[in-house]
Structures are given as structure tokens and as C-alpha cells.
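The values are calculated or read from the model by the stated rules, or taken from the named source; none is laboratory data. None of the values given here were measured: they were computed from a predicted structure. Every residue, glycine as well, gets a Cβ built from its backbone with ideal geometry; the counts of neighbours run over all protein chains shown.
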Amino acid sequence: MQFESKSSRAKGLAFHPKRPWILVSLHSSTIQLWDYRMGTLIDRFEEHDGPVRGIDFHKTQPLFVSGGDDYKIKVWSYQTRRCLFTLNGHLDYVRTVFFHHELPWILSASDDQTIRIWNWQNRSLICTMTGHNHYAMCAQFHPKEDLIVSASLDQSVRVWDISGLRKKHSAPTSISFEDQMARASQQQADMFGNTDAVVKFVLEGHDRGVNWVAFHPTLPLIVSAGDDRLVKLWRMSETKAWEVDTCRGHFQNVSACLFHPHQDLILSVGEDKTIRVWDLNKRTSVQSFKRENDRFWVIAAHPEINLFAAGHDNGVMVFKLERERPAFSVYQNQLFYITKDKHVRSYDFTKNAESPSLLSLRKLGSNWVPLRTLSYNPAERSILVTSPSDSGTYELIALPRDATGASDPTDVKRGSGNAAVFVARNRFAVFATSTQLVEIKDLSNSTTKSFKAPLGTTDISYGGPGCLLLITPTNVVLYDIQQKKQLAELGVSGVKYVSWSNDGLYAALLSKHNVTIVNKSLEQVSTLHETIRIKSATWDDSGVLLYSTLNHIKYTLLNGDNGIVRTLDHTVYLVKVKGRNVYCLDRAAKPRVLSIDPTEYRFKLALVKRNYDEMLQIIKTSSLVGQSIISYLQKKGYPEIALQFVQDPQTRFELAIECGNLEVATEMAKELDRPKIWTRLGTEALIHGNHQTVEMTYQKLRNFDKLSFLYLCTGDEEKLTRMSKIAEHRGDFVSRFQNALYVGDVESRIQMFKEIDLYPLAYLTAKSHGLTEECAAILELCGLTEDQISMPEPGDGLTKPDVIVQTYKANWPVKEASHSSFEKALLGEVGVAVDEDARSDLLNEDIPVPTDGNGLAAEDDADAVEGWDMGDDIGLDTTGNDSDFVNIDNPDGPVEAAGPGSSEADIWARNSPLAADHVAAGSFDSAMQLLNRQVGAVRFEKLKPRFMEIYQASKTYLPANASLPPIVNYVRRTLDDTDSRKLLPFIPRNLETLTTVDLQEGYSAMRTNKLENGVVTFRNILQSLLVNVVNSEAQVDEAKALIAKSMEYTLAMSIELERRQLAAAGDDSEEGLKRQLELSAYFTMPKLDVSHRQLALMAAMKLAFSHKQFSSALSFANRVLANGGASKLVEQAKKVKQQAERSGSSDKIGIEYDQFADFDVCAASYTPIYSGVQSVSCPYDGSKYHIQYKGQVCNLCQVCEVGAAASGLRLWVKGL
Amino acid sequence: MDPFSGEGELLTITTAFYTHAYQSVLDYDTSALSSDNKKTAQTLKYRAQIALGQATAVLSSLKSSKDAASRSIVALAQQNSGDSSAVETAASLAESDPEDAVVQICAGTVLAAAGEYAKAIELLNKHQGSLEAVALLVQIHLIQNRTDLAVKEVAAAKRWAQDSLLINLAEAWTNIREGGSDKYQSAFYVYEELASTPGTTSPTALVGQAVAELHLGRSEEAEAALQQAVALENVNIQAIANSVVLASLVGKKPEAVQELLQQLQEKDRDHTLLKDLAEKSQAFDTAAAKYSAKAAA
């Protein structure tokens, strides 16, 4: 029930097509206009004399028409709220009036047995249809065709063809109403012929008078209602019409009937006080509603939305035929909901995609009755649905794994109950209003416990883990299922829905007009009231509740601060908020995404949480400026924040005063420059003890007295003196006197008295200060002697106060005026500019460092592959032959029944020929065997951290029984394998981590010239890869490339570090210098990324150049130029090149470096190995050594034996 | 009525005990309980005390008691205070009073902890519908890597005590051992439910949740749960132990891992993880010593 009005008998009804309005014409001659959403009476129209039976809104114009027992048809404007004109002509009661859907016509049916068509534009009668031989009770236009259907007490229903009339009157309809009004007088009514409207069919079948008749909106069907208590359905074709069936059930006269605008339903109302709903296809009763005392007279349907209105003896009721709220449930990123045709679908918020139908629930509940609620259980992937049919049923249904389209559910458990929700992974609660019993059931649908709900409980809802919320009309009760105990109770009336916050800490209780937010212990946090009906609510991740009313999405913070987020055209049911998107279901149960601007509430939330950084962020990035936010901030006591928003000087000034920010206030005062502003500033500054500002405002205001007094207070004698001068200039004697008093200047006081001829006072002053000469002078001036005057006893002379503190020098802050943390954040942002980029250069300051961290030029990639000359060594044995298996047990050997089994760790070792897996299994011995065989690993102590890292990550410790050690479990590489022959351990620091984390760390060490760290990082990569696994053949190649690259970097860095050591040792001999130059040249040889190689080249170039090795310098410069890159770098190289060429391009010291030869650098001696010279290499990383180093441990990986026989590292085995 | 069932008055205290919220067990007010239940509650309190490391207090309060149940509790306390005679006592009690429920549990625990799994299983198999005995059996089977038997035990118990927390936990244990994302997930749900229900949130529940998440590969969530557990009770040893695992798993810097190991060392020198690592470190050195380069640099 949406709305109900109380009035006298309602005879006619009309919905406004767009607005939430309904017109009700009453038996008492009044016409009422209601807003059924707000429940308010908008207007009353009283001009008819006697009952008004017919009423209709115009589809587009602000008009309506009414017809009454005064034989009159009136056309009204609801804008001007008056009757525009009256159409006279009927000779008896007018029963119904209707506008044509496009032509300017009105159709009326009257007790004078005629049906008439009027043109309301020229206010004329254009057609009168005669033929009925009793009262014409109802006549309606066909919604599309040129047909009219009418019903009469003569027991017949007639269908009329009015195409002739239309031809005749194909008047342009686009002319506006006003134009037509102007022209109306010129036209005249000429039609009174019968040929315009001819009877097409006469439908006979009712045994008594027919009260109402209506066309189907799309099908060629007619429904009629009569005093024979029947509702009849008729069908027509081009040529004939016939009775289809009869709906029997009313036991009194049927007053009116209509087709449901969207569904295959017929609705009828009657004097038996019932509204009945019939299935159009089966003509069976679907639903009926009975009113206690009121006979129904009329029914109307809203043209767009699912709303109906019925008029009865005591008013009107507006109602929905069915619940429109779709049943839904949200779990993490998925929405499960039931569509209008009762299919279960899901919607993925991350992909914004709707699934196909998961299940069809058509068989659940009765047809036409939507399902009420859906509760989802993620653990079992099952749903619990309730339906109101059969006085409440629920079903527990497992969802199929994949959406295969509409299939009927297979495994269904059902029972009766009005509400059902999951309360735990394997439990749900069912509540039946009839028994007031809550039953807790397990997944096999058997009751495990039950308890009596508090009296009058109407619904139950999830109440947090292990708890239920029991909802009564006046209360909500939090009930602990385990303890069977009422934990808390809160008096909130009429709660209909509960929405839990994502973190489960808060819930919003929604009733018709209130939102109450409670915490999980059911303590009220805040509450708010809405005049408009509240439909739904959902929580933002940050703890803001968004709720929808009929026409708005609003938000509320936990503290009750709320506001509008956006307006809505149609009612929606919110299901989730994510960033700027609100996901909702509309009334047709279609998922929709609405975009919102969350700035306002995020800002307020940040304000409440005092998250100033975020506020700052919001202020900077959004256009959140407006009076509302300013006044909000001011109201909430954050004027200093509001200050940040405001541009308007006046407001800024006010805010600055409020938060005591005198600087801003002064600035603004200067801008405004009005006495009032200065006065206020002065007052405020005085309170702050900021006398400098006070001084300025007094100066601005030319407030000399106050200024002088201020100077006196602050002890600024100099300025006081100046003030007295000013006073003198102004000729202001009072001021002069005062200033003279302040500075203690007796002479000037006397002088002043003399000037204004106040000699007695001058004398007195002089006398009291003991200035006898002056006294004499005055006396002389007045021509008097001392004897001639009598004077009071002079007091002591006024002494000037001493200045104790020189206050004037600085302000005297009396009020805390510290910056708020927000302002601090604002100020701090300047200093925040992190100088991450201030890396030290590899060489010196003037070499620009390429910022491209992982700039891997394509050509360089090719280089890397080329440089990989140990591909054969690593040779992957993908056939999976068992030669490498160590510790082979019989995997499927029979295990003794009672004896212990083999641990998963043993299984791992058994399943894998990879060293890393053996390490994880704790089988270090076999792992070492494998590594020794594969890559000649010998110095294992370097690998110990890696071994321990892998081993530590292999097992978890699950606390179990008291006083027993925890249960050990094994961490697996893949989640889903449970076949014991495929189980493998998780290996930490995999290839991906190494490339995305460690490698980048190494690069940055290179860039920032932290080679000591870099060499460690790259060596770690080498060692981590040595004991590792990868997932695919492609990754094997990636791993190889990474090994090669790490080797090159380790080598390069080692060479450079060696050179630096020499340089640091200060060996200035030619021998030492030669070695340094050589090393710097070798540094350029390893295959580094281009950007890094440039660094090496630049270093070598500079070193060579500074030691007059012009030939080498030239070659390095050429190589730098060949690589190109940063312009600064290139320029330097060019300069070096020029100078080197000019200087003869020869080397001063002959070094062992042939710029034209291709050579490798021995990783032990750091000397060249030219091609053709015999060499050995590390079986793991492929670094090259002179032959004499064979058998030593590799200098780079520090694990493997150089030149050892090895089968190649295995990181992956096919099919494992 | 079964005193351990959801309806019973011992629900709160047993729940606390099973989730290792021992302090809550000790704080539980037993004055309103019936005399039978009072006894059970007292046993739980003794065991909680032992678990909290207050074995000596238990020993002194049970000095004079001579009944089998009390002696078995004494044995448990002795074992916890490092008295090796405990195993003997337990074994003899298992011979003399195998039908006593308290003896079954306490002596069973002592035997299991001492590695006498066969004897422990024999004793515990005599239980008459004791959920605790089932839980112990499940753990022993898991220790012996007989997941199949553990699963059977749980399945059997579920037939008569599906709703019990302890059985749910035992199922979670077997699920985590068995593995596969579904089983990990369902174990996760058990712990998550415990951890999120007011009143049963305990570090143990959180650690269980974290372990399940760890196995599910959700390391960030696991870390959060572990931190929460540590925040609840900063001496929670298992939380620290699993933090070590987690840190290694996500490849944290060795220093961070070492720091956690240090913490664990301080809290519980004899933790399985430490013992295991020490053993492995030794094994590593022995194994590594077998290899050397042919030539010295």
C-alpha cells in the first residue's frame, strides 16, 4: 500500500503520467489533486454541482477534464488552478471523460445514452454517437487505433469505428494550446453527423448492465465488467468480435476493470468490497484484496510504473500489485539477484558484467508472486530464497558452478517460513510469523535448535556472526544463537531492512522514513529522518552509508551528517558503492551503474577523521567550493579549513577572524579597506595581543587617541612624541594635552595652555612642577603678581611612568594562535618534495643520469642473447628422465595401517628432481647432490641463507589441542592439486619477484653509484636463481636471461670496484695508473643495459681524457656517441672527441686494451680473454676465466666450481 | 543433556578453552554451575593453567588428591614443568583407569606429547563420545601423517556432533592438511567465523585464519590477521612462528626474518620451528662440508 486518502466516495481517478499525482473526483462534487508519494493534498477544485464521476489528465498539457452529474464537462488547468471552460451538451449525468492520446479530443459517456466527442481546442462538440438504449456508463478511446469502446446498462458493449471522424478532423496537432485558444472563436462546430462514427461490433453476453469497459494496451482484447458480477474478456479481429471467457468470482456488481499495462493480468473492483486480479491467459483468480467496509467504484492504472489506484466509499487507495524490490545479496565483488522472470543471476562488480541465468526459479512460489529475499552462502555457494506464497516458503538451493543458462535447480530443500537467512557457513535461520518460532537449521534442512522470538516479531535479519536481528514493529533485538540469549534491544520502529557495513562493524536499520545506524552490539550511533520514503542503503568501504529514497541518493556519515549525492529519475535499490560508481538494481531487477561524485562525503569523512592529508588532496584536486561546504565547515568549527576554500575577501576575512588568523585577516582587510573591517580587525588583534596590527588598524582609522594610548601602553615613547607633533599639526588641543600627559612633557602642556589662553591652568601646571621661571613668565604675561592670585594647594607634579618592558618592539601574544594541523599539512607539502631523484652520479655531477630505470632497448636485448654463450651448458632436460632423481622411494608403496605415513615434505622430495624442491622438503643433502651435478656447486655455505629461506617458508604452524605442539602443515606451490604425486612446495623469491624487485634494486644501485650494494644485490639474484623453480618453458628462458644479465652486472661492478680500490690506495706509479686505465676500459665491456653502459663509457672516457689517453678517450667518446641518448651526455662526448682529436689522439701510456678487438674479461684476474685463447667458464653463470683458474670457485656466483663438469641447471620439469 | 553441546551451560568455558583463550577460562565464574559441571569446569581450569605455564600452581593445589583424574592432571602438569616421570605416570594411569574421561584426555595428551603415539591412540580409542578425545586422535593422526585416518575420525564424529566447535576445528585441521583450494577455504571459514564472532575472537582463531590464508596464497590478508593476533596478545608464540614463515614466503629481507626468529627465541626457546631450523642448519653444515673446490683461489 502506497497511499490512502480519506474522503467521501471516490468515483473517478486519474494518474498523472509523469508526476506523482493522482486526481480523485468525489461524490461530494469536489475534485482533489494528491501527491501520493508525499501523501499531501495539493489542490481542490470545486465548481461542479453534484457528484463528479469522470476525470482524466491530459498526457502532455497541464490540463485535466472532469464530467459530473451537473451534465457538464469541465476542462481545467492545474497550473492556473482554475476551470478554463465548460462543455455543455449532455442531457444527463456524465459518467466518464477521457482525453484522446494525440488528437485534441475528449470522449464522454452519459446517462443521456449518448457518447460524445469534443474538440477541446475549439471547445466544440464534433461527434455524438447514439445507439445505446440505456445509460452509457463508460467509453474509452483505443490507445492506438481509431476505435472507441463503450459500455451501457443496455447490457451491451459496443465498438465504434471513428476513422471517418479523424479524416475529417486531421487538424494539425502541433499547434500550441495558446494558439488554439486564440483561434478558437473563429472556428465553429459543424459536425453532427453519424457517419463519422459507426458501430463496428456489438458485444452481447452480459446479463445485466455493463459498468466499465477497456481496451488492451497492445492486443485486440477488450475487458468489461457488469452488474451480473462478471468480468468478461472479448477478442476482436478486423471483421468480428467475440466473447473469449468470463472471470467469475465477484459476488456483487463489478464496478470497473482494466488490463495490467505490462503483464498478462486483469484487475477488477466491485461493490463486494474486493479488488481482484485475474490471469489473462487462464482467466483464473490470482489474488484478491478485500476491504472491510468500503465498496469499490473505480480502478485506474499508472501508465508507466507499477501503480494502481482504487476508489471506494471512503476515499482512494494507491497500491502496488507486487513487490518491486528485487531479492538480492552481495558477496564481495559479486551480486546475486533474482530477475523479474525469476532467474537467478550474478553480476561481477570488477568486470561490470552480468552472468547468464544461473538457475530458474519459476517453479518456486506461485506465478505472479515475486520472491522476497535471497541470502547467499559463499562457503557452499548456495542460496536461500523466500517467497510469500503459500503463506511463506523458503528454499535452499545450490548454485551451479558455471552459469549454463536457465536450468531448473536440482537439489532443493524447502520448508515453510516467512523469512530465512544464513547465519553461518553451515546454518540458516527460518522464521515463521504464525508460530513466532525461529528455527536454526543445518544444510540438510533439519532443525538443530529453535527458540521463540519476542512477541510480535515480523522479520529476522542477519545480526553479525552467530547472531540474528529479530525485528518487531517497535523494536529490534540482537539475539545470540549459540547462547540463546538476547544480547541487546533497541527501540526502533518499523524497521524493514538491515544493511551491514563491509567491515561488519555497523548496520543501518531502514524503516519507511528513518535510517538508524547501530554498531554491532546494537547500540545506536545515529539516526536520521527523511520525509520521502527510504528504499535501500549500502555502505561505502570507508564507512559512509549511501541510501536511496524515491528520488535521491543520499549519504550519511556515522555521526549523522548527511547530504544529497545525486537525484534519481527512477527508484533504484542500491547494492554497492565502489569509487565513483554506485551499483544498483532498478525496479525491473536490472543491474545499473550510476556515477556519483563522492567528494563531498569523502571530504566530510576526512574532516571527521581529521585526515588532513586526504582533505588537502581533495581540496587540491576537486572543485569543492561552495557556500554549503564553507558554512558546513564553519558550523562544525573548522573555520581554518573553510578558509582554504574561500576566495571572496569578505568571507575570508570573517573566517580568518573566527580562526584567529590575523595575517589573512589583515591581508583581506587591506583588500576590503572599510572602517568597519579595520575596527573588527583591531579588536581581534587586541585580544591576540598583536599590537602591531592594532597600531596599523588605528592608523588606518585615524584613531589618534587610541593610537596614543596604545603607544603609552606599549611604551613606545618615540611614537608618542610623534603623536604629539601630529596633534599639534592638527591643532587638536585635547589630543595634544593628552599626548603631553603621556610623554610627561610639562613644557608643551604649559605652552598649550598658554596658546589657548588658559593661563591659570598653565600657571598651575608650571607651579606644581616647580617651574618657577615659567610661573613668573606667565604671571608677567597676565600682568599679575603672585599675591594677586589665590590658588589651591598644588599637588605633586605628574611623573612619567617608566618603560619596564619594551613591548612595542614585539607582539605580546596572549592567545594561542598556532597553526592547525591542517594548515601544517598545507605548509608541509612544500617541504615534502622528496628528493628521491637526488642520486649521486656514478662519476661526477655533470653527467646526467638517465632516468629510465628499466630501459631495456631492443637492440640490447639482442645483445643479451648474443652474450649468452652458455646456453648449451644449461641444456634443459625436458624429457624428465630420472637420472636426476635422488632419494627415490616407492611413491605408492603400501603403508602400514597403524604406522605413521610419509610426510608431505617427503612426498615433495619424491615428486621433484629440482633442487629447490628438495631444499623445501628439508632434504638438503640431496639438494646439494643435485646442484653439484647440475652446475658444479661446491661452496654451499654461500647458499645457506637461501636454503634456510626456502625451508622456513615451507611449513606453517597451526595451534591445535591444548598442551600439544602445533600441527605442521605444508605450503604448496599450487592450490588445487591434491593428487599426492603432483604435490610440490612453494618456493619463495620466484622469478617474478627477482625481476620486479631485486633486479630493479640492482639497477638503481647502478644508477645511484652504490656499487658495493649493487654487487651484493646481483650476486643475490644469482644465488636465488640457483635454487629456484619456474613455471614454464618460457620462464626458463627468462631465468637464463636474468642469470646472464646478473652475471654481467656483477662482473662490471666488480671490475669498477677493483679500480676504485686501486685509486683509493693512491698508487700513482705508472704501473698503477695503467691498471686503473685498463680496468676502467674493461668496465665498459660487460653487456649492461645501454643506459648503464653509457655511464661506464663516460667514466672511462673521463678518466682516459684526464690522463691524456686521447686515443682511448676518443674511442670511448665515439662509443658514447654511437649509443646516443641524453643530449648533455652526447655533448660532453663530442667535446672530448674534438679535444682528443686536436691533441693528436694518441695514448700516453700503452695499456692492454684493444678497442677494436672483441674480448671477454676474466672474472678472476680482470684481464682480457681474446677470442681464440683457451678459457674455462662457470657452469652456472657462464662467466669466463683464464684456464689457470679452472677448479676454483667462481668469483661471481661464489658457489660453483669453474670449469667443473656439469649437466646444466634445471628449474623446470615438464608435466610437473 | 550433553554438557558440551550448544545448549549446555559449559558452552562458554569450553569454547574459550578450545580457542585457547585460557585467561577467559580461568576468569570464568563457575559458581552457578551444577556440581557435575563444576568438576568439569575445574578440570578445564587446571588444564588452562598448565597451558599458561602455571604448572606448579596446579601441582601444589592437587598435591593431596589421589583419584585417577587428578593424578592424570598432575602428570600433565609435571610434563609441562619438565618432569620426565610424567610419561610413566600417564602410562600407568592408562593401564589402571582407561575408562576415566579425564585420564583419557590428560594422559593421552602426555603420551602424545612424549611421542608415545601408539599408547596414546590405544587409550584415546576407549573414549565414550568425547569430542576432546576425537580432537586429540585427529591431531595424533596428523602428526603421524595419517591424514586418511584423521579424516575418518572427523567424519565419524560429525555424525553425532556436527554442531560442535571442536569438531569443526578438527575438520579445519584435516582440511588444511589435505589441501586444495576448497578445503583451505572451508578451514578459513571456520576460523574466520570464530575470529569475527564477538566473544570467541582469540589469537588462536586469528592464527588459524592466517594459516588458512597463507595456504590459500593470500599473504597480505594472512599478514593482517597475524598482526591482529599479535596485537591481541603480543606473546602469542604461534603468531610469531607463522610470521617467520610468512616473511620467508613473501621474500622479505633476511634481517626482518632474523628479527622475528629472535623474538620467537625469546618467547619460546623450544618451539618446533626453532628446533627444526637448528637441526636443519646442522644438517646443512654437515652436508656442505662434503663439497669443496678442486683448487683454492
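Evaluate the following for A:ILE641: is it buried (at least 17 other Cβ atoms within 10 Å of the Cβ), outside any strand (DSSP E or B) and modelled with pLDDT under 70? For A:ILE641, the condition - buried (at least 17 other Cβ atoms within 10 Å of the Cβ), outside any strand (DSSP E or B) and modelled with pLDDT under 70 - is not met. Does at least one position in the range A:1163-1174 carry a residue that is among the aromatic types (Phe, Trp, Tyr), assigned by TED's automatic domain parsing to the domain that holds A:MET1053 and surrounded by fewer than 18 Cβ atoms within 10 Å (Cβ to Cβ)? Looking through the range A:1163-1174, at least one residue is among the aromatic types (Phe, Trp, Tyr), assigned by TED's automatic domain parsing to the domain that holds A:MET1053 and surrounded by fewer than 18 Cβ atoms within 10 Å (Cβ to Cβ).
Within the range A:476-494, being among the aliphatic types (A, V, I, L, M) and either within 14 Å of chain B (Cβ to nearest Cβ) or farther than 24 Å from A:LYS441 by Cβ (or both) holds for A:LEU478, A:ILE481, A:LEU487, A:ALA488, A:LEU490, A:VAL492. Of everything in the range A:899-918 that's in contact with a strand residue (DSSP E or B) (Cβ under 9 Å, 6 or more places away or on another chain) and acidic (Asp, Glu), which residue is modelled with the lowest pLDDT? By that ranking, first place goes to A:GLU904.
Do you know which residues across the range A:390-446 are touching a Pro at 6+ places or on another chain (Cβ under 6 Å) and at positive phi? Result: A:GLY405, single match.
Rundown of residues vs (1) over 21 Å from A:HIS570 (Cα atoms); (2) charged (D, E, K, R), yes/no style:
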| site | (1), (2) |
| --- | --- |
| A:GLY491 | yes, no |
| A:SER501 | yes, no |
| A:LEU510 | no, no |
| A:HIS513 | no, no |
| A:ILE517 | yes, no |
| A:LYS520 | yes, yes |
| A:GLN524 | yes, no |
| A:THR527 | yes, no |
| A:VAL544 | yes, no |
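Report those helices (runs of 4 or more DSSP H) wholly inside the range A:923-1039 carrying at least 3 residues which are surrounded by fewer than 23 Cβ atoms within 10 Å (Cβ to Cβ) and facing another protein chain (nearest Cβ under 10 Å).
Working: elements: A:924-935, A:944-952, A:999-1007, A:1011-1026.
Because the criterion is at least 3 residues that are surrounded by fewer than 23 Cβ atoms within 10 Å (Cβ to Cβ) and facing another protein chain (nearest Cβ under 10 Å), the helices (runs of 4 or more DSSP H) in the range A:923-1039 that meet it are A:924-935, A:944-952.
May I ask you to verify whether B:ALA94 is of a type outside the set (Asp, Glu) and within 13 Å of another protein chain (Cβ to nearest Cβ)? For B:ALA94, the condition - of a type outside the set (Asp, Glu) and within 13 Å of another protein chain (Cβ to nearest Cβ) - is not met. Within the bounds of the range B:196-204, is there any residue that is in contact (Cβ under 8 Å) with a residue 12 or more places away in the chain and either within 27 Å of A:SER1024 (Cβ to Cβ) or aliphatic (A, V, I, L, M) (or both)? Looking through the range B:196-204, none of the residues is in contact (Cβ under 8 Å) with a residue 12 or more places away in the chain and either within 27 Å of A:SER1024 (Cβ to Cβ) or aliphatic (A, V, I, L, M) (or both). Checked against (1) under 27 Å from A:VAL159 (Cα atoms); (2) surrounded by fewer than 20 Cβ atoms within 10 Å (Cβ to Cβ), A:SER77 meets all criteria but (1). Residues that are under 55 Å from the mean Cα position of the chain (by Cα), within 20 Å of A:SER1054 (Cα to Cα), in a loop (DSSP other than H, G, I, E, B) and within 11 Å of chain B (Cβ to nearest Cβ) do occur in the range A:1197-1216.
At least 3 residues being within 8 Å of chain A (Cβ to nearest Cβ) is the threshold, and among the helices (runs of 4 or more DSSP H) wholly inside the range B:188-264 those reaching it are B:203-215, B:237-249. Selection over the range B:165-183 of residues that are among the hydroxyl-bearing types (Ser, Thr, Tyr), surrounded by fewer than 23 Cβ atoms within 10 Å (Cβ to Cβ) and more than 8 Å from every other protein chain (Cβ to nearest Cβ) gives a count of 0.
Return the pair list, or none, for Cβ contacts closer than 8 Å from residues in the range A:653-673 that are polar (S, T, N, Q) to residues that are outside any helix (DSSP H, G or I), at least 6 apart or on different chains. As it stands, the answer is A:ASN661/A:ALA817, since those pairs meet every condition given.
Looking at the structure I just gave you, is B:ARG177 basic (Lys, Arg), at pLDDT below 85 and at negative phi? No; evaluated as a whole, the condition is false for this residue. Looking at the range A:128-139, is at least one residue touching a Phe, Trp or Tyr at 6+ places or on another chain (Cβ under 7 Å), in a loop (DSSP other than H, G, I, E, B), under 18 Å from A:SER255 (Cα atoms) and modelled with pLDDT of 90 or more? Within the range A:128-139 (the criterion being touching a Phe, Trp or Tyr at 6+ places or on another chain (Cβ under 7 Å), in a loop (DSSP other than H, G, I, E, B), under 18 Å from A:SER255 (Cα atoms) and modelled with pLDDT of 90 or more), the answer is no, since none of the residues qualifies. Scanning the range B:265-297 for residues that are assigned to a helix (DSSP H, G or I) and small (Gly, Ala, Ser), we see that the one that is surrounded by the fewest Cβ atoms within 10 Å (Cβ to Cβ) is B:ALA278. Of A:SER1115, A:SER1145, all but one fail to be among the hydroxyl-bearing types (Ser, Thr, Tyr) and under 16 Å from A:LEU1095 (Cα atoms); the exception is A:SER1115.
Using the structure shown, decide if A:GLY560 is under 21 Å from the mean Cα position of the chain (by Cα), surrounded by fewer than 17 Cβ atoms within 10 Å (Cβ to Cβ), among the small types (Gly, Ala, Ser) and within 14 Å of another protein chain (Cβ to nearest Cβ). No, not satisfied.
Here is a yes/no grid of residues against (1) touching a Gly at 6+ places or on another chain (Cβ under 9 Å); (2) within 14 Å of chain A (Cβ to nearest Cβ); (3) over 15 Å from B:GLU132 (Cβ atoms); (4) not in a helix (DSSP H, G or I):
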| residue | (1), (2), (3), (4) |
| --- | --- |
| B:PHE17 | no, yes, no, no |
| B:ALA41 | no, no, no, no |
| B:LEU44 | no, yes, no, no |
| B:ALA75 | no, yes, yes, no |
| B:THR89 | no, no, yes, no |
